[in-house]
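Structure record follows, encoded as structure tokens.
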Amino acid sequence: MRLTILGGGGFRVPLVYRALLADEGKGRVTDVVLHDLDPARTAVIRQVLAEQAAGFSDPPRVTVTTDLDEALTGADFVFSAIRVGGLAGRAADERLALEEGVLGQETVGAGGIAYGLRTIPVAVDIARRVAERAPDAWVINFTNPAGTVTEAMSRHLGDRVIGICDSPVGLGRRVAAALGVEPESVWFDYAGLNHLGWLRAVRVDGRDVLPSLLADDAALASFEEGRLFGGEWLRAIGAVPNEYLHYYYFDRDAVAAAREAPKTRGALVLHQQRDFYARTADTPGSALEAWDATRLARETTYMAENREAAGAGERESCDLESGGYEKVALAIMRAIAQDERTTLILNVRGRGALPGLDDDAVVEVPCLVDANGARPVACAPLADHQLGLVTSVKAVERAMLEAATTGSRSAALRALATHPLVDSVAVARRLLERYEDHFPQLAYLRSTGAR
């Protein structure tokens, strides 16, 4: 089985390869193709993969190419993990937003919109190329903003593109531990959009045990989201939110903490990874050890400003392991390729599964996955306060898609100005102008003439 990874020089690729090495089942991946436009980064990652494969009798073969058509031809699965503008672009997304007094974050608010406007045209081109070169392939989208990018690609690939995120997986794992139950024995009633969802029920033997958790302050203090949001707020909404909702519920606190931090998250990760790639390329030694040390530093500092603003303390050691992207992706591949049926929380076209959104809206909900792909499970309606936020953000996503596919600058401005975390049309206008000036990838908003 052939797996193509777009963004093959990316820092997280070794997580995927490690999961492939551990997979000894039938129908496993035998060939991995790394596609990336930066040969130097890909060479470093290939070093890491070679060290990971040492000692394995028949590891998946790794090849490298900068030619997209070559990478796609013959692929059974395609992982899309691209970053248009690189980490320097992420750092600029965050910095420019903070300078205007609004949230700087790579997928939420103004920064996420700028990232999406750069990424969607590239993702759409990839989707078209997959449809031409590998029409039977399944695309698993890692690229952020994952829900919006998946929806853009679904317009060309239909249900053969599936978006994944590790946040719901990590949330479910932590809640199960707080309850003293095995995650595999639990049904997690989770619903929303990518980075905008809520765990609304935890069913064990048909009984919802979430209310008992919400009533127990000691149990809530034992896991990250409980400390991040606090028992009072969790009881007020009767659910446990995805960690990214901290940016919405505690916007002022998050902005203040980010502005006081020595570096934005993007700038910190940029420094960490730039040092890793340069040092590994120039210095003999273990590329794998250098990668793992950098990975640990990255996980330790994840959402550090939010935890500081909430007084949530340091991350638990169990949360410093990989969040689970690679395990979710492998589970999807096995379910589809081997018809090993499973249930996963994924980003797919809702098909009416989440009341209040149209059939083509990509939502993040539990899905049944088998040889026919991923099918969303019908969900109970969201509470009014949840639905209001979801529909507002989905309108922003649709404006981003309109801007990116038609070149409409008015749609781009509308996306920025109507986002719940951008508090002024004047701020949105300035941000759009600054993002356009900074990123050549956004020239299409000025060159098409569409307003």
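The values are calculated or read from the model by the stated rules, or taken from the named source; none is laboratory data. Every value quoted in this text rests on a predicted model; they were computed, and no experiment measured them. Positions of Cβ are backbone-derived with ideal geometry, glycine not excepted, and every protein chain shown enters the neighbour counts. Ligands, DNA and RNA are stripped out before the accessible areas are found, and what is left, the full protein with its side chains, is counted by its heavy atoms. Shrake-Rupley method; radii C 1.70, N 1.55, O 1.52, S 1.80 Å.
What residues qualify as long-range amide H neighbours of Phe79, i.e. H under 5 Å apart, gap of 5 or more or another chain, H built at 1.01 Å from N?
So Phe79 has HN proximity to Thr4, Ile5, Leu6, Ile140.
In Å², what does the accessible area per residue of the chain work out to with a 1.4 Å probe?
Result: 39 Å² per residue.
Give the carbon-plus-sulfur fraction of the accessible surface of region 356-451 in %, rounded to a whole number; probe 1.4 Å, heavy atoms of protein chains only.
Carbon and sulfur atoms account for 53 percent of the accessible area of region 356-451.
Taking square-rooted eigenvalues a ≥ b ≥ c of the alpha carbon gyration tensor, is region 137-202 rounded, prolate or oblate, where a/c under 1.5 means rounded and, failing that, a/b exceeding b/c means prolate?
prolate
Only helices at least 27 Å long along their axis, Cα-based, and averaging 0.0 or more on Kyte-Doolittle count here, so list those DSSP H runs from the chain.
Membrane-span-like by this rule: 110-133, 384-406.
Between Ala221 and Phe56, what's the calculated FRET efficiency when r is the beta-carbon distance and R0 is 45 Å? Round to 0.05.
So, using R0 = 45 Å, E works out to roughly 0.60.
If you take every residue apart from Arg129 with its C-beta less than 13 Å away from the C-beta of Arg129, what net charge results, scoring Lys and Arg +1 and Asp and Glu -1?
It works out to a net charge of -3.
Under 23 Å Cα-Cα from Lys327, which lysines qualify once same-chain neighbours fewer than 8 residues away are excluded?
Within reach: Lys26.
Net charge near Asp69: determine it from the other residues with C-beta under 13 Å of the C-beta of Asp69, scoring Lys and Arg +1 and Asp and Glu -1.
-1
Dipole of the chain (Lys/Arg Cβ +1, Asp/Glu Cβ -1, origin at the Cα centre): which of Ala412, Val204, Tyr247 lies farthest to the positive side?
Ala412
Indicate the gyration tensor shape class of region 30-168 (rounded, prolate or oblate), computed on the Cα atoms with a ≥ b ≥ c the square roots of the eigenvalues: a/c under 1.5 is rounded; otherwise a/b larger than b/c is prolate and the rest oblate.
Oblate.
Show the residues, 5+ positions off or on another chain, whose built amide H is closer than 5 Å to the amide H of Leu199.
Placed amide hydrogens put Val240, Asn242 under 5 Å from Leu199.
Would you kindly state the longest site-free stretch of the chain, with sites defined as GluC sites (Glu not before Pro) in a DSSP loop (not H, G, I, E, B) surrounded by at most 14 other Cβ atoms within 10 Å?
So the longest stretch without any such site is 25-313.
Given the alpha-carbon gyration tensor of the chain, what are the semi-axes of its equivalent ellipsoid in whole angstrom, ordered largest first, with each equal to the square root of 5 times an eigenvalue?
30, 28, 24
Using the Karplus equation 6.51 cos²θ - 1.76 cosθ + 1.60 (θ = phi - 60°), what ³J(HN,Hα) coupling, rounded to whole Hz, does each residue of region 240-245 give in order, writing x for Gly and Pro?
Couplings: 10, x, 4, 4, 5, 5 Hz.
By its C-alpha gyration tensor, with a ≥ b ≥ c as the square roots of the eigenvalues, how is region 88-235 shaped: rounded for a/c under 1.5, else prolate for a/b larger than b/c, else oblate?
oblate
Starting from the amide H of Ile345, placed 1.01 Å from N in the peptide plane, find each other amide H under 5 Å away whose residue is 5 or more places distant or on another chain.
Cys367
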